[in-house]
1. Restricting to segment B:68-91, and then to whatever is touching a Pro at 6+ places or on another chain (Cβ under 9 Å) and within 23 Å of residue B:5 (Cβ to Cβ), can you tell me which residue is surrounded by the fewest Cβ atoms within 10 Å (Cβ to Cβ)?
2. Could you list, in sequence order, the residues of segment B:86-131 that are without any contact (Cβ under 8 Å) to a residue 12 or more places away in the chain and farther than 30 Å from residue B:150 by Cα?
3. With a cut-off of at least 2 residues that are of a type in the set (A, V, I, L, M, F, W, C) and touching a residue at least 12 places away in the same chain (Cβ under 8 Å), name the helices (runs of 4 or more DSSP H) lying wholly within segment B:132-202.
4. Residues to consider are B:18, B:11, B:3; find the one that is in contact with a strand residue (DSSP E or B) (Cβ under 6 Å, 6 or more places away or on another chain), at pLDDT 70 or above, more than 23 Å from residue B:174 (Cβ to Cβ) and surrounded by 20 or more Cβ atoms within 10 Å (Cβ to Cβ).
5. When you go through A:104, A:88, A:126 one by one, which is the residue that is within 14 Å of chain B (Cβ to nearest Cβ), part of a helix (DSSP H, G or I) and not aliphatic (A, V, I, L, M)?
6. I'd like the full set of residues that are more than 14 Å from the chain's Cα centre (by Cα) and surrounded by fewer than 17 Cβ atoms within 10 Å (Cβ to Cβ), limited to segment A:70-111.
7. Quick check on my filter: what residues within segment B:171-186 are in contact with a helix residue (DSSP H, G or I) (Cβ under 8 Å, 6 or more places away or on another chain) and within 13 Å of another protein chain (Cβ to nearest Cβ)?
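The values are calculated or read from the model by the stated rules, or taken from the named source; none is laboratory data. What you see is a predicted model; the values in this text were computed from it and never measured. Cβ placement follows ideal geometry from the backbone for every residue including glycine, while neighbour counts extend to all protein chains displayed.
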Amino acid sequence: MDNSSKENLANDIENQLDDFFSADETSGPAGAEPASLEKLKSMVLSIDWEITESCLTDLIDETDTLLPQYKNDRLSHTLLRMLKAVSRYIRRRQAQSHPDAIKRVMSVFASLEKLTGSLHLEEETRKGIVAKEIAAFKKLKEQVELQRGAPARSIPMAESEGGYVDRDKFEQAMSAVEARLKSEVKDLKFQLEALQKELDEMRRA
Amino acid sequence: MAVIHIRKKEVQIKIVYVGPGRGGKTTNLEYIFGKIRHRILSDMVSIKTHGDRTLFFDFLPFELGQIHGYKIKTQLYTVPGQVKYNATRKLVLKGVDGVVFVADSMEVMREKNIAALKNLEENLAFYNIDIYNSFPIVLQYNKRDLAENGVPLLDIDTMNDDLNSELKAPVFEASAVKGDNVITTAKKAISNTIVSLQDQLV
(Lines give C-alpha, C1' and ligand atoms only; values in the text may rest on other atoms or scores of the structure.)
Protein backbone atom coordinates (compact mmCIF):
# COMPACT_ATOMS: atom_id res chain seq x y z
CA MET A 1 0.00 0.00 0.00
CA ASP A 2 1.52 3.33 -1.04
CA ASN A 3 1.49 6.53 0.97
CA SER A 4 -1.48 8.05 -0.84
CA SER A 5 -3.57 4.93 -0.22
CA LYS A 6 -2.55 5.05 3.43
CA GLU A 7 -3.64 8.67 3.66
CA ASN A 8 -6.96 7.85 2.04
CA LEU A 9 -7.50 5.03 4.49
CA ALA A 10 -6.62 7.26 7.44
CA ASN A 11 -9.06 9.92 6.20
CA ASP A 12 -11.82 7.38 5.71
CA ILE A 13 -11.32 6.04 9.21
CA GLU A 14 -11.38 9.53 10.71
CA ASN A 15 -14.60 10.33 8.84
CA GLN A 16 -16.22 7.07 9.86
CA LEU A 17 -15.27 7.61 13.50
CA ASP A 18 -16.54 11.20 13.42
CA ASP A 19 -19.88 9.98 12.05
CA PHE A 20 -20.11 7.14 14.52
CA PHE A 21 -19.43 9.17 17.64
CA SER A 22 -20.73 12.63 16.73
CA ALA A 23 -24.25 11.40 15.96
CA ASP A 24 -24.46 10.23 19.54
CA GLU A 25 -23.61 13.57 21.02
CA THR A 26 -26.80 15.15 19.74
CA SER A 27 -29.36 12.38 19.83
CA GLY A 28 -30.64 9.44 21.80
CA PRO A 29 -32.14 8.87 25.20
CA ALA A 30 -29.31 10.67 26.98
CA GLY A 31 -30.40 13.91 25.39
CA ALA A 32 -34.10 13.24 25.75
CA GLU A 33 -34.33 12.24 29.42
CA PRO A 34 -33.18 15.45 31.09
CA ALA A 35 -35.57 17.39 28.86
CA SER A 36 -38.48 15.25 29.97
CA LEU A 37 -37.61 15.98 33.62
CA GLU A 38 -37.76 19.74 33.07
CA LYS A 39 -41.51 19.87 33.63
CA LEU A 40 -41.24 17.70 36.73
CA LYS A 41 -38.48 19.93 38.06
CA SER A 42 -40.57 23.07 37.74
CA MET A 43 -43.40 21.32 39.62
CA VAL A 44 -41.09 20.16 42.38
CA LEU A 45 -39.70 23.69 42.70
CA SER A 46 -43.18 25.15 42.78
CA ILE A 47 -44.20 23.05 45.81
CA ASP A 48 -41.04 24.22 47.53
CA TRP A 49 -42.46 27.75 47.11
CA GLU A 50 -46.12 27.09 47.83
CA ILE A 51 -47.80 23.80 48.61
CA THR A 52 -51.21 23.68 46.98
CA GLU A 53 -53.42 20.78 46.02
CA SER A 54 -53.23 21.85 42.41
CA CYS A 55 -49.39 21.85 42.43
CA LEU A 56 -49.34 18.39 43.99
CA THR A 57 -51.90 17.07 41.53
CA ASP A 58 -49.75 18.37 38.64
CA LEU A 59 -46.70 16.74 40.18
CA ILE A 60 -48.48 13.39 40.57
CA ASP A 61 -49.84 13.59 37.02
CA GLU A 62 -46.37 14.29 35.70
CA THR A 63 -44.88 11.29 37.52
CA ASP A 64 -47.70 9.23 35.95
CA THR A 65 -46.61 10.48 32.53
CA LEU A 66 -42.96 9.73 33.21
CA LEU A 67 -43.32 6.30 34.80
CA PRO A 68 -43.89 4.39 31.53
CA GLN A 69 -40.96 6.23 29.92
CA TYR A 70 -38.62 4.95 32.62
CA LYS A 71 -40.02 1.44 32.64
CA ASN A 72 -36.68 -0.01 31.52
CA ASP A 73 -34.63 2.00 33.98
CA ARG A 74 -35.56 0.24 37.19
CA LEU A 75 -33.67 2.53 39.53
CA SER A 76 -35.14 5.76 38.13
CA HIS A 77 -38.53 4.06 38.04
CA THR A 78 -38.24 3.27 41.76
CA LEU A 79 -37.45 6.92 42.52
CA LEU A 80 -40.41 8.10 40.46
CA ARG A 81 -42.72 5.74 42.31
CA MET A 82 -41.35 7.01 45.59
CA LEU A 83 -41.84 10.62 44.47
CA LYS A 84 -45.41 9.88 43.55
CA ALA A 85 -46.14 8.10 46.84
CA VAL A 86 -44.78 10.95 48.98
CA SER A 87 -46.62 13.54 46.87
CA ARG A 88 -49.90 11.67 47.29
CA TYR A 89 -49.32 11.45 51.02
CA ILE A 90 -48.74 15.24 51.24
CA ARG A 91 -51.81 15.96 49.12
CA ARG A 92 -53.97 13.78 51.37
CA ARG A 93 -52.59 14.91 54.74
CA GLN A 94 -51.97 18.54 53.71
CA ALA A 95 -51.06 20.61 56.81
CA GLN A 96 -50.86 17.44 58.90
CA SER A 97 -48.09 16.04 56.72
CA HIS A 98 -44.84 15.21 58.42
CA PRO A 99 -42.47 18.21 58.14
CA ASP A 100 -39.80 16.03 56.48
CA ALA A 101 -42.10 14.92 53.69
CA ILE A 102 -41.34 17.93 51.48
CA LYS A 103 -37.62 17.40 52.08
CA ARG A 104 -38.10 13.84 50.80
CA VAL A 105 -39.70 15.12 47.60
CA MET A 106 -36.75 17.45 47.00
CA SER A 107 -34.19 14.81 47.81
CA VAL A 108 -35.79 12.07 45.69
CA PHE A 109 -36.04 14.45 42.75
CA ALA A 110 -32.39 15.52 43.18
CA SER A 111 -31.35 11.85 43.11
CA LEU A 112 -33.50 11.23 40.05
CA GLU A 113 -31.80 14.12 38.29
CA LYS A 114 -28.41 12.71 39.25
CA LEU A 115 -29.31 9.28 37.90
CA THR A 116 -30.67 10.46 34.58
CA GLY A 117 -28.21 13.30 34.04
CA SER A 118 -24.91 11.47 34.62
CA LEU A 119 -24.29 8.96 31.87
CA HIS A 120 -21.00 7.76 33.26
CA LEU A 121 -22.28 7.09 36.76
CA GLU A 122 -21.26 3.60 37.80
CA GLU A 123 -24.05 1.11 38.44
CA GLU A 124 -22.94 0.60 42.03
CA THR A 125 -23.10 4.35 42.63
CA ARG A 126 -26.56 4.49 41.08
CA LYS A 127 -27.74 1.66 43.31
CA GLY A 128 -26.19 3.41 46.31
CA ILE A 129 -28.12 6.60 45.57
CA VAL A 130 -31.42 4.73 45.35
CA ALA A 131 -30.64 2.65 48.45
CA LYS A 132 -30.11 5.87 50.45
CA GLU A 133 -33.44 7.23 49.25
CA ILE A 134 -35.20 3.98 50.15
CA ALA A 135 -33.67 4.07 53.64
CA ALA A 136 -34.76 7.70 54.14
CA PHE A 137 -38.20 6.83 52.78
CA LYS A 138 -38.56 4.00 55.31
CA LYS A 139 -37.45 6.31 58.09
CA LEU A 140 -40.06 8.87 57.12
CA LYS A 141 -42.67 6.14 57.02
CA GLU A 142 -41.77 5.09 60.56
CA GLN A 143 -41.93 8.68 61.75
CA VAL A 144 -45.32 9.14 60.11
CA GLU A 145 -46.55 6.00 61.81
CA LEU A 146 -45.31 7.19 65.18
CA GLN A 147 -46.93 10.58 64.59
CA ARG A 148 -50.25 9.00 63.82
CA GLY A 149 -49.94 6.16 66.30
CA ALA A 150 -51.22 3.81 63.63
CA PRO A 151 -49.96 0.36 62.70
CA ALA A 152 -47.32 0.15 60.01
CA ARG A 153 -49.56 -1.18 57.28
CA SER A 154 -51.94 1.75 57.40
CA ILE A 155 -49.44 4.14 55.75
CA PRO A 156 -49.39 3.93 51.99
CA MET A 157 -45.88 4.17 50.64
CA ALA A 158 -45.75 2.97 47.09
CA GLU A 159 -48.34 2.37 44.51
CA SER A 160 -49.17 -0.47 42.23
CA GLU A 161 -51.86 -0.67 39.58
CA GLY A 162 -54.70 -1.46 41.95
CA GLY A 163 -53.87 0.90 44.82
CA TYR A 164 -51.38 1.12 47.64
CA VAL A 165 -48.71 -1.38 48.51
CA ASP A 166 -47.84 -1.81 52.17
CA ARG A 167 -44.39 -2.07 53.70
CA ASP A 168 -44.10 -5.86 53.30
CA LYS A 169 -45.10 -5.73 49.68
CA PHE A 170 -42.75 -2.87 49.01
CA GLU A 171 -39.89 -4.78 50.62
CA GLN A 172 -40.84 -7.86 48.66
CA ALA A 173 -40.71 -5.83 45.48
CA MET A 174 -37.29 -4.45 46.37
CA SER A 175 -36.07 -7.99 47.10
CA ALA A 176 -37.39 -9.05 43.72
CA VAL A 177 -35.46 -6.20 42.07
CA GLU A 178 -32.34 -7.26 43.92
CA ALA A 179 -32.83 -10.90 42.90
CA ARG A 180 -33.34 -9.85 39.31
CA LEU A 181 -30.15 -7.79 39.33
CA LYS A 182 -28.24 -10.74 40.77
CA SER A 183 -29.66 -13.01 38.10
CA GLU A 184 -28.64 -10.53 35.39
CA VAL A 185 -25.10 -10.44 36.70
CA LYS A 186 -25.09 -14.23 36.62
CA ASP A 187 -26.33 -14.23 33.02
CA LEU A 188 -23.68 -11.73 32.05
CA LYS A 189 -21.00 -13.94 33.54
CA PHE A 190 -22.25 -16.84 31.43
CA GLN A 191 -22.34 -14.64 28.34
CA LEU A 192 -18.83 -13.47 29.07
CA GLU A 193 -17.53 -17.00 29.39
CA ALA A 194 -19.24 -17.95 26.13
CA LEU A 195 -17.77 -14.89 24.41
CA GLN A 196 -14.31 -15.72 25.69
CA LYS A 197 -14.62 -19.25 24.30
CA GLU A 198 -15.78 -17.90 20.97
CA LEU A 199 -12.97 -15.40 20.84
CA ASP A 200 -10.41 -18.09 21.59
CA GLU A 201 -11.89 -20.28 18.87
CA MET A 202 -11.88 -17.41 16.39
CA ARG A 203 -8.28 -16.64 17.16
CA ARG A 204 -7.30 -20.28 16.81
CA ALA A 205 -9.12 -20.54 13.45
CA MET B 1 -3.74 -9.84 16.69
CA ALA B 2 -6.73 -8.68 14.66
CA VAL B 3 -9.11 -11.26 13.27
CA ILE B 4 -9.48 -10.61 9.55
CA HIS B 5 -12.07 -12.50 7.52
CA ILE B 6 -11.10 -11.82 3.93
CA ARG B 7 -14.14 -13.65 2.54
CA LYS B 8 -16.61 -11.98 4.89
CA LYS B 9 -14.72 -8.69 4.48
CA GLU B 10 -14.69 -8.25 8.22
CA VAL B 11 -11.99 -7.02 10.59
CA GLN B 12 -12.14 -7.41 14.33
CA ILE B 13 -9.77 -5.28 16.38
CA LYS B 14 -8.98 -5.43 20.07
CA ILE B 15 -7.98 -2.31 21.96
CA VAL B 16 -7.06 -2.54 25.63
CA TYR B 17 -7.14 0.29 28.16
CA VAL B 18 -4.18 -0.10 30.50
CA GLY B 19 -2.82 1.95 33.41
CA PRO B 20 -2.43 2.14 37.16
CA GLY B 21 -5.28 1.12 39.48
CA ARG B 22 -8.04 3.68 39.97
CA GLY B 23 -6.70 5.70 37.07
CA GLY B 24 -10.03 5.86 35.20
CA LYS B 25 -9.90 3.02 32.67
CA THR B 26 -13.35 1.71 33.48
CA THR B 27 -14.72 5.26 33.62
CA ASN B 28 -13.44 5.79 30.06
CA LEU B 29 -15.32 2.72 28.84
CA GLU B 30 -18.45 3.63 30.75
CA TYR B 31 -18.46 7.09 29.23
CA ILE B 32 -18.05 5.66 25.72
CA PHE B 33 -20.77 3.13 26.41
CA GLY B 34 -23.07 5.89 27.63
CA LYS B 35 -22.53 7.76 24.39
CA ILE B 36 -23.17 4.86 22.05
CA ARG B 37 -25.40 2.52 24.06
CA HIS B 38 -28.54 3.29 22.04
CA ARG B 39 -26.74 2.61 18.75
CA ILE B 40 -25.13 -0.69 19.52
CA LEU B 41 -26.69 -4.08 19.95
CA SER B 42 -24.25 -5.24 22.56
CA ASP B 43 -23.90 -4.39 26.21
CA MET B 44 -20.90 -3.51 28.30
CA VAL B 45 -19.75 -6.32 30.54
CA SER B 46 -18.01 -5.50 33.81
CA ILE B 47 -16.91 -7.85 36.52
CA LYS B 48 -16.10 -6.05 39.71
CA THR B 49 -15.07 -6.90 43.25
CA HIS B 50 -17.14 -5.86 46.22
CA GLY B 51 -15.19 -2.61 46.43
CA ASP B 52 -16.17 -1.69 42.86
CA ARG B 53 -12.75 -2.43 41.41
CA THR B 54 -12.32 -4.20 38.10
CA LEU B 55 -11.65 -7.83 38.95
CA PHE B 56 -11.23 -9.42 35.55
CA PHE B 57 -11.93 -6.94 32.79
CA ASP B 58 -14.54 -4.68 31.24
CA PHE B 59 -15.57 -5.50 27.71
CA LEU B 60 -17.33 -3.26 25.22
CA PRO B 61 -17.84 -4.58 21.69
CA PHE B 62 -19.37 -2.54 18.87
CA GLU B 63 -19.45 -2.27 15.09
CA LEU B 64 -18.10 0.88 13.53
CA GLY B 65 -19.49 0.34 10.07
CA GLN B 66 -17.61 -0.17 6.82
CA ILE B 67 -14.22 1.22 5.92
CA HIS B 68 -12.87 0.45 2.45
CA GLY B 69 -15.47 -2.25 2.10
CA TYR B 70 -14.52 -3.96 5.34
CA LYS B 71 -16.90 -4.21 8.27
CA ILE B 72 -14.95 -3.04 11.31
CA LYS B 73 -15.78 -4.67 14.63
CA THR B 74 -14.14 -3.05 17.61
CA GLN B 75 -13.67 -4.53 21.04
CA LEU B 76 -12.59 -2.29 23.89
CA TYR B 77 -11.24 -3.93 27.02
CA THR B 78 -9.84 -2.71 30.31
CA VAL B 79 -7.52 -4.62 32.57
CA PRO B 80 -7.47 -4.52 36.37
CA GLY B 81 -4.92 -1.89 37.35
CA GLN B 82 -3.97 -3.32 40.71
CA VAL B 83 -0.44 -4.74 40.79
CA LYS B 84 -1.58 -8.13 42.17
CA TYR B 85 -3.65 -8.93 39.07
CA ASN B 86 -0.80 -9.22 36.60
CA ALA B 87 -1.76 -12.68 35.37
CA THR B 88 -5.19 -11.34 34.38
CA ARG B 89 -3.63 -8.30 32.73
CA LYS B 90 -1.33 -10.50 30.71
CA LEU B 91 -4.22 -12.72 29.67
CA VAL B 92 -6.41 -9.81 28.56
CA LEU B 93 -3.52 -8.40 26.52
CA LYS B 94 -3.36 -11.59 24.47
CA GLY B 95 -4.17 -10.71 20.87
CA VAL B 96 -4.20 -6.96 21.52
CA ASP B 97 -4.04 -4.70 18.45
CA GLY B 98 -3.83 -1.30 20.13
CA VAL B 99 -3.47 0.18 23.59
CA VAL B 100 -4.71 3.24 25.42
CA PHE B 101 -2.50 3.93 28.40
CA VAL B 102 -4.56 5.85 30.98
CA ALA B 103 -2.13 7.66 33.27
CA ASP B 104 -3.30 9.23 36.51
CA SER B 105 -2.31 12.92 36.60
CA MET B 106 -2.20 13.13 40.40
CA GLU B 107 1.26 13.94 41.71
CA VAL B 108 1.14 11.02 44.14
CA MET B 109 0.61 8.61 41.24
CA ARG B 110 3.85 9.41 39.42
CA GLU B 111 5.71 6.22 40.38
CA LYS B 112 2.62 4.07 39.79
CA ASN B 113 2.26 5.44 36.26
CA ILE B 114 5.87 4.62 35.47
CA ALA B 115 5.55 1.15 36.99
CA ALA B 116 2.33 0.47 35.05
CA LEU B 117 3.97 1.44 31.75
CA LYS B 118 6.96 -0.75 32.54
CA ASN B 119 4.58 -3.60 33.35
CA LEU B 120 2.78 -3.07 30.04
CA GLU B 121 6.09 -3.18 28.21
CA GLU B 122 6.96 -6.49 29.88
CA ASN B 123 3.55 -8.04 29.34
CA LEU B 124 3.52 -7.12 25.65
CA ALA B 125 7.08 -8.40 25.26
CA PHE B 126 5.69 -11.76 26.41
CA TYR B 127 3.61 -11.72 23.19
CA ASN B 128 6.58 -10.52 21.13
CA ILE B 129 5.21 -6.98 20.87
CA ASP B 130 7.65 -4.12 21.20
CA ILE B 131 5.75 -1.00 22.26
CA TYR B 132 8.60 1.16 21.01
CA ASN B 133 8.44 -0.25 17.49
CA SER B 134 5.42 1.24 15.68
CA PHE B 135 2.92 -0.37 18.03
CA PRO B 136 -0.33 1.69 18.09
CA ILE B 137 -0.49 3.20 21.56
CA VAL B 138 -2.19 6.37 22.73
CA LEU B 139 -1.52 8.08 26.06
CA GLN B 140 -4.26 9.71 28.07
CA TYR B 141 -3.36 11.94 31.02
CA ASN B 142 -6.53 11.55 33.01
CA LYS B 143 -8.04 13.48 35.94
CA ARG B 144 -6.87 16.92 34.73
CA ASP B 145 -10.12 18.29 36.20
CA LEU B 146 -8.84 17.66 39.72
CA ALA B 147 -6.72 20.82 39.45
CA GLU B 148 -9.96 22.77 39.97
CA ASN B 149 -10.29 21.11 43.38
CA GLY B 150 -6.77 22.03 44.39
CA VAL B 151 -5.40 18.49 44.01
CA PRO B 152 -1.68 18.65 43.12
CA LEU B 153 -1.22 17.36 39.58
CA LEU B 154 1.85 16.40 37.59
CA ASP B 155 2.62 18.91 34.89
CA ILE B 156 2.41 17.73 31.31
CA ASP B 157 6.15 18.06 30.67
CA THR B 158 6.93 15.82 33.63
CA MET B 159 4.40 13.24 32.46
CA ASN B 160 5.83 13.37 28.94
CA ASP B 161 9.35 12.93 30.29
CA ASP B 162 8.27 9.99 32.43
CA LEU B 163 6.04 8.21 29.96
CA ASN B 164 6.43 9.48 26.44
CA SER B 165 10.06 10.40 25.89
CA GLU B 166 10.71 7.14 24.03
CA LEU B 167 7.21 6.24 22.92
CA LYS B 168 6.43 9.52 21.12
CA ALA B 169 2.78 8.50 21.18
CA PRO B 170 -0.21 10.81 20.72
CA VAL B 171 -1.18 12.35 24.08
CA PHE B 172 -4.54 13.61 25.31
CA GLU B 173 -5.24 15.50 28.51
CA ALA B 174 -8.56 14.20 29.75
CA SER B 175 -11.18 13.95 32.43
CA ALA B 176 -12.93 10.60 32.12
CA VAL B 177 -15.45 11.59 34.79
CA LYS B 178 -16.50 14.64 32.79
CA GLY B 179 -15.97 12.96 29.43
CA ASP B 180 -13.37 15.48 28.27
CA ASN B 181 -11.29 13.97 25.47
CA VAL B 182 -12.54 10.46 26.19
CA ILE B 183 -14.05 10.03 22.73
CA THR B 184 -11.08 11.77 21.10
CA THR B 185 -8.73 9.31 22.77
CA ALA B 186 -10.81 6.34 21.64
CA LYS B 187 -11.03 7.67 18.09
CA LYS B 188 -7.26 8.10 17.87
CA ALA B 189 -6.64 4.64 19.29
CA ILE B 190 -9.06 3.01 16.84
CA SER B 191 -7.74 4.98 13.89
CA ASN B 192 -4.07 4.26 14.68
CA THR B 193 -4.84 0.60 15.21
CA ILE B 194 -6.63 0.22 11.88
CA VAL B 195 -3.88 2.11 10.05
CA SER B 196 -1.33 -0.21 11.61
CA LEU B 197 -3.26 -3.13 10.15
CA GLN B 198 -3.57 -1.54 6.74
CA ASP B 199 -1.23 -3.86 4.91
CA GLN B 200 -3.39 -6.78 5.91
CA LEU B 201 -6.54 -5.06 4.66
CA VAL B 202 -5.51 -5.06 0.98
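1. Looking at the filtered set, the residue picked out is B:73.
2. Passing the criteria: B:87, B:91, B:121, B:122, B:125, B:128, B:130.
3. Details: elements: B:156-159, B:182-196, B:198-201.
Of the helices (runs of 4 or more DSSP H) lying wholly inside segment B:132-202, those with at least 2 residues that are of a type in the set (A, V, I, L, M, F, W, C) and touching a residue at least 12 places away in the same chain (Cβ under 8 Å) span B:156-159, B:182-196.
4. Values: B:18 fails: more than 23 Å from residue B:174 (Cβ to Cβ); B:3 fails: surrounded by 20 or more Cβ atoms within 10 Å (Cβ to Cβ).
Unique residue meeting the criteria: B:11.
5. Values: A:104 fails: within 14 Å of chain B (Cβ to nearest Cβ); A:88 fails: within 14 Å of chain B (Cβ to nearest Cβ).
So the residue among A:104, A:88, A:126 that is within 14 Å of chain B (Cβ to nearest Cβ), part of a helix (DSSP H, G or I) and not aliphatic (A, V, I, L, M) is A:126.
6. Taking segment A:70-111 and keeping what is more than 14 Å from the chain's Cα centre (by Cα), we get A:85-106.
Those that are more than 14 Å from the chain's Cα centre (by Cα) and surrounded by fewer than 17 Cβ atoms within 10 Å (Cβ to Cβ): A:92, A:93, A:94, A:95, A:96, A:99, A:100, A:103, A:106.
7. Applying the first criterion (in contact with a helix residue (DSSP H, G or I) (Cβ under 8 Å, 6 or more places away or on another chain)) to segment B:171-186 yields B:171-180, B:182-183, B:185-186.
The answer is B:174, B:175, B:176, B:177, B:178, B:179, B:180, B:182, B:183, B:185, B:186.
Quick grid of which residues meet (1) among the charged types (D, E, K, R); (2) under 16 Å from the mean Cα position of the chain (by Cα); (3) surrounded by 21 or more Cβ atoms within 10 Å (Cβ to Cβ); (4) closer than 14 Å to residue A:120 by Cβ:
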site	(1), (2), (3), (4)
B:161	yes, no, no, no
B:165	no, no, no, no
B:177	no, yes, no, yes
B:183	no, yes, yes, yes
B:188	yes, yes, yes, no
B:192	no, yes, yes, no
